[in-house]
1. Report the gain in length on full extension from ALA137 to ARG248: 0.36 nm times residue separation, minus Cα-Cα distance, nm rounded to one decimal.
2. Eigenvalues of the Cα gyration tensor times 5, then square-rooted: what semi-axes does that give for the range 57-171, in whole angstrom, largest first?
3. Please give, to one decimal in nm, the separation of the simple spin-label points placed at ASP48 and ALA124, each 7 Å out from Cα toward the Cβ.
4. Using 7 Å Cα-to-Cβ label points, what is the ALA237/ALA208 separation (nm, one decimal)?
5. How far apart, in nm, are two points set 7 Å out from the Cα along the Cα-to-Cβ line at LEU217 and at GLN57?
6. If you put +1 on each Lys and Arg Cβ and -1 on each Asp and Glu Cβ, how big is the dipole of the chain around its Cα centre, in Debye rounded to 20?
7. What does DSSP give for the chain in terms of the percent of beta bridges that are antiparallel, rounded to the nearest 5?
8. For the range 39-110, would you read off the P(r) tail past 18 Å as a percentage of all alpha carbon pairs?
Amino acid sequence: MTAQPDMQTGAVAPAFFAPVITGQTEAGSDLILVCEHAANAFPAPWGDLGLTAEQQQAHIAWDPGALGLMQALAARLGATSVAATVSRLIYDCNRAPDMPGAMPTKSEVHEVPGNAVITPTQRAARAAAIYVPFHDALHGLIAERIALGRRPVLVTIHSFTPVYFGQKRAVEFGVIHDADDRLARAILAGAEATSGLACGLNAPYSAADDVTHTLRLHATPYGLANAMLEIRNDLIASPEAEQAMADRLAPVIAAALTDLKKEG
């Protein structure tokens, strides 16, 4: 961390909350994994946003298990990974600054007091501190590969709750696409055939729910293959479970990438 926040205005030098990038070798993998909801950190100057300790640990604050799963997949697939370092309740890196969900006032049934009244200046400060460095870093990884004549692939990793607004979710593994469905459908077909998971396309969310911002921003403009993966969080609730899920999904993703290359 190279800068300190201004406690009065909330302004922070963009490098302060830069994402964590791993697996970035000199050659660089063409597969880039992204976890926008990797952390449940509530740093100054924003603090706990008026949330209880229990709420800060709950799914509303982050995607439990998603970071560990992404890291396990990256190790198996030789991928580069990008992880956010701040709770999505302070800033959701899968939302543009002008989207209400970027700094939500409510998540499911939980009010977020610290987001109830945010001035335009404070919103801009959060975006500059968290959103901008996250997406600048991701853009840089993609741009350097494209400059070398390569075609990177973008896959975002998320987890979801078994119960949402009191309703049980039957799906265990969801694959979501935006305009380009090539990779999503290839991963889904492989998962249905080999993973033993209850799979769904565009479930439990779809692009209509505004969950594909990262894909739209970094993959769609360049015609890059991309997909968003959602894993039910009770299936990745421990380090051992994260590793086991990676064992299931890594071959599926690898096979889908191979199929895409064959298609050209």
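1. On the way: separation 111, 0.36 × 111 = 39.96 nm, distance 2.91 nm.
Gain on stretching ALA137 to ARG248: 37.0 nm.
2. Details: eigenvalues 151, 95, 22 Å².
Computed over the range 57-171, the values are 27, 22, 11 Å.
3. Spacing of the two 7 Å Cα→Cβ label points: 3.2 nm.
4. Computed distance between label sites ALA237 and ALA208 equals 3.1 nm.
5. The modelled label-to-label distance comes out at 3.1 nm.
6. Working: 18 positive and 27 negative charges, 74 e Å.
With Lys and Arg at +1 and Asp and Glu at -1, about 360 debye.
7. Values: 11 of 29 bridges.
Here the antiparallel bridges make up roughly 40 percent for the chain.
8. Values: 1106 of 2556 pairs.
Across the range 39-110, Cα pairs with separations above 18 Å total 43 percent.
Readers should treat all values here as calculations from the given coordinates under stated rules, not as data from a laboratory. This is a predicted model, so every value here is computed, not measured. In this analysis, Cβ positions are derived from the backbone assuming ideal geometry, glycine residues included, and neighbour counts consider all displayed protein chains.
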